[in-house]
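The structure appears right after this line, and notes come after that.
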Amino acid sequence: MADRGFFLVLEGGEGSGKSTVARALAASLIASGRDVVSTREPGGTPVAEAIRDLLLSDRFAQANPWAEALMFAAARADHVAAVIRPALQREAVVICDRFVDSSVAYQGAALGLGESEVRRANDAAVSGAEPNLTVVLDIDPTIGLARAVGHNRMEARTLDFHRQVRAAFLGFARRWPQRYVVVDASAPAPDVAAAVLRHVDLRLASK
């Protein structure tokens, strides 16, 4: 069955405010009468949340980069099958905090596995699910890391690593402007959420 809903993905580095924006967007869209599913990656299902706990913990610190990338893909496969695809098929708006582009930016670009290689590794996991719109919440990593409160293994990586992640996200937006928009995430959170909602409303109106 073809997906009939609207799939919005929020991407960006650590401390860019994706979770805050996702909550504000969901509230606005629900108030307007939309069926909204708000979720995150890795996570969204019991299996994927268990993988998330492992991936972000120090227990996984010495893992091979491909083991890391494939664990993200495994969590994503369960998430797409159990949450994202069913919601899209019933014509819901899915708001997802991270998706494949995070794996491509973090493991493909910053860890050096190769962007195309990581995308190919995720092809089976997503089984054709693609965002209608990806919003990159862009922020200087020095500001974002100062904002971050989770203190997980990803946040602990070097500043150069996070700069490579940011450059990768901005590169995706330049390469595929029809699917991406970039929003300045250093602005106050209500302004960021309002800017994202304007883009979403335009895409929903034209769908």
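The values are calculated or read from the model by the stated rules, or taken from the named source; none is laboratory data. Everything quoted here is computed from the prediction, not taken from an experiment. Cβ placement follows ideal geometry from the backbone for every residue including glycine, while neighbour counts extend to all protein chains displayed.
Can you spot a residue in the stretch 131-140 that is over 17 Å from the mean Cα position of the chain (by Cα) and surrounded by fewer than 14 Cβ atoms within 10 Å (Cβ to Cβ)?
No: the stretch 131-140 contains no residue that is over 17 Å from the mean Cα position of the chain (by Cα) and surrounded by fewer than 14 Cβ atoms within 10 Å (Cβ to Cβ).
Given the options 138, 201, name the one that is of a type in the set (D, E, K, R) and more than 23 Å from residue 41 (Cβ to Cβ).
Working: 138 fails: more than 23 Å from residue 41 (Cβ to Cβ).
Among 138, 201, only 201 is of a type in the set (D, E, K, R) and more than 23 Å from residue 41 (Cβ to Cβ).
Considering only the stretch 47-73, how many residues are in a helix (DSSP H, G or I) and farther than 16 Å from residue 119 by Cβ? Walk me through how you get there before you give the answer.
Going residue by residue through the stretch 47-73, those that are in a helix (DSSP H, G or I) are 47-55, 58-60, 65-73.
Checking the rest, the ones that are also farther than 16 Å from residue 119 by Cβ come to 47-55, 58-60, 67, 71.
Number satisfying all stated conditions: 14.
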*Only one of these is surrounded by fewer than 16 Cβ atoms within 10 Å (Cβ to Cβ) and out of contact with any Lys or Arg (no Cβ under 9 Å at 6 or more places or on another chain): 63, 87, 73, 24. Name it.*
63
*Would you please list the contacts, defined by Cβ atoms under 6 Å and residues six or more apart or on different chains, that run from a residue in the stretch 81-92 that is touching a residue at least 40 places away in the same chain (Cβ under 8 Å) to a residue that is exposed (fewer than 15 other Cβ atoms within 10 Å of the Cβ) and not β-branched (Val, Ile, Thr)?*
89/1; 91/4; 92/35
*Specify the residue that is farthest from residue 99 (Cα to Cα); the eligible residues are those in the stretch 4-41 that are part of a strand (DSSP E or B) and of a type in the set (S, T, N, Q).*
38
*asked:* I need a count of the residues in the stretch 35-59 that are without any contact (Cβ under 8 Å) to a residue 60 or more places away in the chain and more than 19 Å from the chain's Cα centre (by Cα).
replied: 2
_If residue 112 satisfies all but one of (1) of a type in the set (Gly, Ala, Ser); (2) surrounded by fewer than 20 Cβ atoms within 10 Å (Cβ to Cβ); (3) closer than 25 Å to residue 167 by Cβ; (4) in contact with a Lys or Arg (Cβ under 9 Å, 6 or more places away or on another chain), what's the number of the condition it fails?_
(4)
*What tally of residues in the stretch 178-206 results from selecting those that are over 19 Å from residue 96 (Cα atoms) and not in a helix (DSSP H, G or I)?*
3
_Let me spell it out: the conditions are (1) under 17 Å from the mean Cα position of the chain (by Cα); (2) more than 11 Å from residue 16 (Cα to Cα); (3) of a type outside the set (Ser, Thr, Tyr); (4) surrounded by 11 or more Cβ atoms within 10 Å (Cβ to Cβ), and residue 128 meets all of them except one. Which number is the exception?_
(4)
*Quick one: residue 106 ticks every box in (1) surrounded by fewer than 18 Cβ atoms within 10 Å (Cβ to Cβ); (2) in a helix (DSSP H, G or I); (3) touching a helix residue (DSSP H, G or I) at 6+ places or on another chain (Cβ under 8 Å) bar one, so which box is it?*
(1)
*Filter the stretch 97-134 for residues that are aromatic (Phe, Trp, Tyr) and more than 13 Å from residue 70 (Cα to Cα) and give the result.*
99
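Of everything in the stretch 116-141 that's of a type in the set (A, V, I, L, M, F, W, C) and assigned to a loop (DSSP other than H, G, I, E, B), which residue is farthest from residue 169 (Cα to Cα)?
At the first step, the residues of the stretch 116-141 found to be of a type in the set (A, V, I, L, M, F, W, C) are 118, 121, 124-126, 129, 133, 135-137, 139.
This time we only want the ones that are assigned to a loop (DSSP other than H, G, I, E, B), so: 129, 139.
Details: 129: 19, 139: 11 Å.
Top of the filtered list is 129.
For the condition in a loop (DSSP other than H, G, I, E, B) and among the small types (Gly, Ala, Ser), what is the one hit in 44, 144? First the steps, then the outcome.
Numbers: 144 fails: in a loop (DSSP other than H, G, I, E, B).
Within the list 44, 144, the selection yields 44.
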*Among the residues of the stretch 161-174, is any at pLDDT below 95 and more than 25 Å from residue 200 (Cβ to Cβ)?*
no
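Check the stretch 182-194 and report whether any residue there is among the charged types (D, E, K, R) and over 30 Å from residue 60 (Cα atoms). Working first, answer last.
If we filter the stretch 182-194 for residues that are among the charged types (D, E, K, R), which is where we start, we get 184, 191.
With the extra rule that they be over 30 Å from residue 60 (Cα atoms), the set shrinks to 184, 191.
Yes, the stretch 182-194 contains at least one residue that is among the charged types (D, E, K, R) and over 30 Å from residue 60 (Cα atoms).
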